[in-house]
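Handing you this structure, nothing more for now.
The values are calculated or read from the model by the stated rules, or taken from the named source; none is laboratory data. Source: prediction; values computed, not measured. Counting neighbours? That spans all protein chains shown, and the Cβs are built from the backbone with ideal geometry, glycine included.
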Amino acid sequence: MAAVVTVLLVDDDAITLDFLEAWLTQNCFLPYEFQILNRVQSGRMAIDLLQNQPTPDLLILDLNLPDMNGMAVAEFVQTLLQPPLILLFSGYEDWLEWRDTANLSIRGYVVKGGTVETLEYALDKILMGDIFWDPVVYYHMHQKARQGYRPIVWHVPLTEREKEVFRLLCKGYKQAQIASELFLSTNTVKTHLRKICKKAGCPGLAVLRGMIHNHAPR
């Protein structure tokens, strides 16, 4: 009889949640019976469930949630008496740093867009007590450590609109989400982000996101 693994899925994208649930319950070839306890689309809902419901064995967690960085959920998990294993499943390759590996509940990181075989291999290693980190994530963490991210210093003050865009960027919003929130076109948001990067002395948006994450309150 296959061992039962209970799972909490956390991702802001309903299609991703559908994919993960179908894969785990119908198409996964690992020798486990996966039971989906819940699937939620925000960090606050995830934390509420972890506080008030039976703790799952496994938490598959996106980093870019609408209300908080997924790492805030991962940090909350460390306060639990019996924390679940965490598999980060995110479209971002460059959000983490070496210090994030100190969270012992995080057992793996798979970048979205890869193969199902990679996801299955990562999950197998995690459930066997090992770890799996996508090599590209390690690469970006190494690059950050070498570059030594500096605090954001504004060479020119931001306009009021740029402050609004930057505030949402700090919350992890994607460009399309910022456009929707502020009733702007995506092209207008891109223009604001280019100006924000220039005023911060950043070569691009990926570097700015890294600086935001590096100096955000933990």
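Give region 37-58 a look and list any residue that's surrounded by fewer than 17 Cβ atoms within 10 Å (Cβ to Cβ) and touching an Asp or Glu at 6+ places or on another chain (Cβ under 7 Å), or say none.
Ser42, Arg44 - these are the residues of region 37-58 that are surrounded by fewer than 17 Cβ atoms within 10 Å (Cβ to Cβ) and touching an Asp or Glu at 6+ places or on another chain (Cβ under 7 Å).
The conditions are (1) touching a Pro at 6+ places or on another chain (Cβ under 7 Å); (2) at pLDDT 95 or above; (3) not aromatic (Phe, Trp, Tyr), and Ala122 fails exactly one of them. Which is it?
Single failed check for Ala122: (1).
Among (1) exposed (fewer than 14 other Cβ atoms within 10 Å of the Cβ); (2) modelled with pLDDT of 90 or more; (3) assigned by TED's automatic domain parsing to the domain that holds Leu59; (4) not hydrophobic (A, V, I, L, M, F, W, C), there is one condition Arg194 misses while meeting the rest; what is its number?
(3)
Within region 20-44, count every residue that is under 22 Å from Gln177 (Cα atoms) and not small (Gly, Ala, Ser).
Step one: of region 20-44, the residues under 22 Å from Gln177 (Cα atoms) are 39-44.
Imposing the further condition that a residue be not small (Gly, Ala, Ser) reduces the set to 39-41, 44.
Final tally of qualifying residues: 4.
Specify the residue that is modelled with the lowest pLDDT; the eligible residues are those in region 156-168 that are in contact with a helix residue (DSSP H, G or I) (Cβ under 7 Å, 6 or more places away or on another chain) and within 14 Å of Arg194 (Cβ to Cβ). Reasoning before the result, please.
Of the residues in region 156-168, the ones in contact with a helix residue (DSSP H, G or I) (Cβ under 7 Å, 6 or more places away or on another chain) are 156, 158, 161-162, 164-166, 168.
Filter once more, so that each one left must be within 14 Å of Arg194 (Cβ to Cβ): 156, 158, 161-162, 165-166.
Details: Val156: 87, Leu158: 93, Arg161: 95, Glu162: 94, Val165: 94, Phe166: 92.
That would be Val156.
Which number in (1) at pLDDT below 95; (2) at negative phi marks the one condition that Gly113 misses?
(2)
Just to check your reading of the model, which residue among Thr25, Thr16 is assigned to a helix (DSSP H, G or I), crowded, with 18+ Cβ neighbours inside 10 Å and among the β-branched types (Val, Ile, Thr)? Don't jump to the end; show me each part of the working.
Working: Thr25 fails: crowded, with 18+ Cβ neighbours inside 10 Å.
Of Thr25, Thr16, the one residue that is assigned to a helix (DSSP H, G or I), crowded, with 18+ Cβ neighbours inside 10 Å and among the β-branched types (Val, Ile, Thr) is Thr16.
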